[in-house]
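J.: My structure is below; once you've seen it, I'll send some questions.
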Amino acid sequence: DTAVSQTPKYLVTQMGNDKSIKCEQNLGHDTMYWYKQDSKKFLKIMFSYNNKELIINETVPNRFSPKSPDKAHLNLHINSLELGDSAVYFCASSQLYSNTGELFFGEGSRLTVL
Amino acid sequence: AQSVAQPEDQVNVAEGNPLTVKCTYSVSGNPYLFWYVQYPNRGLQFLLKYITGDNLVKGSYGFEAEFNKSQTSFHLKKPSALVSDSALYFCAVRDGWSNTGKLIFGQGTTLQVKP
């Protein structure tokens, strides 16, 4: 049973297109995150939702729009894709006010913009 | 502001030798510290964490890490490396006063264990 699942795993598209990545967690967590891993493997947080409420919104272009229909799902929609958006996008979840705090990650969605 | 530094891009060790992957951090409040491992084309897997208590924490696959408050360090260690330990390792920090749960990651250290 996959704890944090993302779809699609691979996405190849042209510049200017709009695409979405979906994430679902079955851990019962109340908080979900999107991280971007660039070509140098550097991980940077983009967004976080707690119980469907946006709690982290880093300096990300407004072409990126997260949506959380419920606390088990967090989707990422990207408009007008650019070459620099090529990266691996990781979804993660956690229980915000637990005494553990670790994040559980999905397997990643590799986006290639041509 | 939170930050994490992993000073080595790559660490090379021979199988059976001890390994250390270094990490230093900076936070305003109490540090929650984590180590993750990433195998090629995979997600990040949690190895261990320090929240409070004993400075030496033990985690998965025989790894351990030592929290050193005075040196603001949280180095990852293993007494005897395996070839299968070869992967990318990330140190991460969360500010214990934070109400967002945000983890800030270091730049990663590639561990190469040679037979």
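The values are calculated or read from the model by the stated rules, or taken from the named source; none is laboratory data. Computed from a predicted model, the values in this text were never measured in an experiment. Cβ: placed from backbone, ideal geometry, glycine included. Neighbour counts: every protein chain shown. For the accessible areas, the whole protein counts, side chains as well, though only heavy atoms, and no ligand, DNA or RNA atoms are used. Shrake-Rupley method; radii C 1.70, N 1.55, O 1.52, S 1.80 Å.
J.: Which count do you get for residues in the range B:1-37 that are open to solvent by 80 Å² or more (accessible area, probe 1.4 Å) and either touching a residue at least 40 places away in the same chain (Cβ under 8 Å) or in a strand (DSSP E or B) (or both)? Spell out the reasoning first.
T.: Of the residues in the range B:1-37, the ones open to solvent by 80 Å² or more (accessible area, probe 1.4 Å) are B:1, B:7, B:9-10, B:12, B:15, B:18, B:22, B:28, B:30.
So of that shortlist, the ones also either touching a residue at least 40 places away in the same chain (Cβ under 8 Å) or in a strand (DSSP E or B) (or both) come out as B:9-10, B:12, B:15, B:18, B:22, B:28, B:30.
Qualifying residue count for the region: 8.
J.: OK, next. Return the pairs, sorted by first residue and then second, in which the second residue is part of a loop (DSSP other than H, G, I, E, B), the first residue lies in the range B:81-105 and is without any contact (Cβ under 8 Å) to a residue 12 or more places away in the chain, the beta carbons are less than 7 Å apart, and the residues are 6+ apart or on different chains.
T.: B:Gly101/A:Leu96; B:Gly101/A:Gly101
J.: Within the range B:90-115, track down each residue that is at the interface with chain A (Cβ under 9 Å from one of its Cβ atoms) and either basic (Lys, Arg) or in a strand (DSSP E or B) (or both).
T.: B:Phe90, B:Ala92, B:Arg94, B:Lys102, B:Ile104, B:Phe105, B:Thr110, listed by residue number.
J.: Would you point out which residue out of A:Ile45, A:Ile21 is farther than 24 Å from B:Ser98 by Cβ and under 11 Å from the mean Cα position of the chain (by Cα)? Don't jump to the end; show me each part of the working.
T.: Numbers: A:Ile45 fails: farther than 24 Å from B:Ser98 by Cβ.
The unique qualifying residue is A:Ile21.
J.: Let me ask another. Mind checking which residues of the range A:80-97 are over 10 Å from the mean Cα position of the chain (by Cα) and at the interface with chain B (Cβ under 9 Å from one of its Cβ atoms)?
T.: A:Ser94, A:Gln95, A:Leu96, A:Tyr97
J.: Moving on to the next point. Considering only the range B:38-94, state which residues are over 14 Å from the mean Cα position of the chain (by Cα), open to solvent by 20 Å² or more (accessible area, probe 1.4 Å) and hydrophobic (A, V, I, L, M, F, W, C).
T.: Listed by number, the residues that qualify are B:Leu82, B:Val83.
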